[in-house]
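Visitor: Sharing a structure with you now.
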Amino acid sequence: MQQRHLIFIASLFTVISTTQINYFEVTTSMPFPPDPVTIYDTLIMLSALVTDCPSPSCECFVKVNVTTYKDTYTVTFPSTTPNIGSATITDLEADTLYSFTITCIGADGNATRLLRTDYGRPSVPRNITVTLVSKRLRISWLPPAVPKGPIHNYKLTKDRETISDEIPNNESSYDMTKDYVYGKTNTFFFSACNINRKKDTVCSSPNEGKITPRSLIYSFHSSLNGWAFSDLLACS
């Protein structure tokens, strides 16, 4: 009787898993969409969920606007959540669209997100002037050179008393509602304001307002808290 010998050849295959970037978004309660609470005017906090990382731990990096920025931010993975890391991107410009690209050691690809920073504090309005029109003062100005977002409104204060904090953003002058009292000295402060996505009002520093008279109607003098104007010298 012929014997047949069956020979089994077993092959051992080693499966190597590649690192997977499962989530890369603004820091918030995953898996909800980006929350503006971690998007600021000059920084954005990002989170990443990464699995199948090579030993000893996940290692990832974030680049901002890959073609223009040279800075690389390291994603930090705490020991308590070794697969969930975060990176805080700083030195950004307000109301600006950025691309953020995460790259991880062992991953075949990367992930990119486009995010816009929040509105910031605008610079002071330009060319602030005070003139006398029909016995009443008129404050005129030009929009800020650096608005850091769409200007929402302007705010006028006189001697620390708010005259109006709801001057529309499309206005370029404001007339006082009472006649000017000759010989009385007042100090005016004028600011531009934005309302960011967190519903916070951020205004330019009132102390940075500079009044440049267009004619010799008033004598101006510098004060500790701003600019004051004194007695009427001449009018036409």
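Taken together, the values in this text are just the output of simple stated rules run on the coordinates, not laboratory data. Given the structure is predicted, the values throughout are model-derived calculations rather than measurements. Every residue, glycine among them, receives a Cβ derived from its backbone with ideal geometry; neighbour counts consider all protein chains shown.
Visitor: Tell me whether the stretch 118-175 comes out rounded, prolate or oblate; compute the Cα gyration tensor, take square roots of the eigenvalues as a ≥ b ≥ c, and use a/c under 1.5 as the rounded threshold.
Guide: prolate
Visitor: Given bins 10 angstrom wide, list per bin the percent of all Cα-Cα distances in the stretch 78-168, short to long.
Guide: 12, 28, 21, 15, 12, 9, 3, 1
Visitor: Another question, if that's okay. With unit charges on the beta carbons (Lys and Arg positive, Asp and Glu negative) and the dipole taken about the Cα centre of the stretch 20-116, which residue among 72, 20, 100 sits farthest to the positive side?
Guide: Positive-end residue among those listed: 20.
Visitor: I would also like to ask the following. Counting Lys and Arg as +1 and Asp and Glu as -1, what is the net charge of the other residues whose Cβ lies under 9 Å from the Cβ of residue 154?
Guide: Within the 9 Å Cβ shell, the charges total -2.
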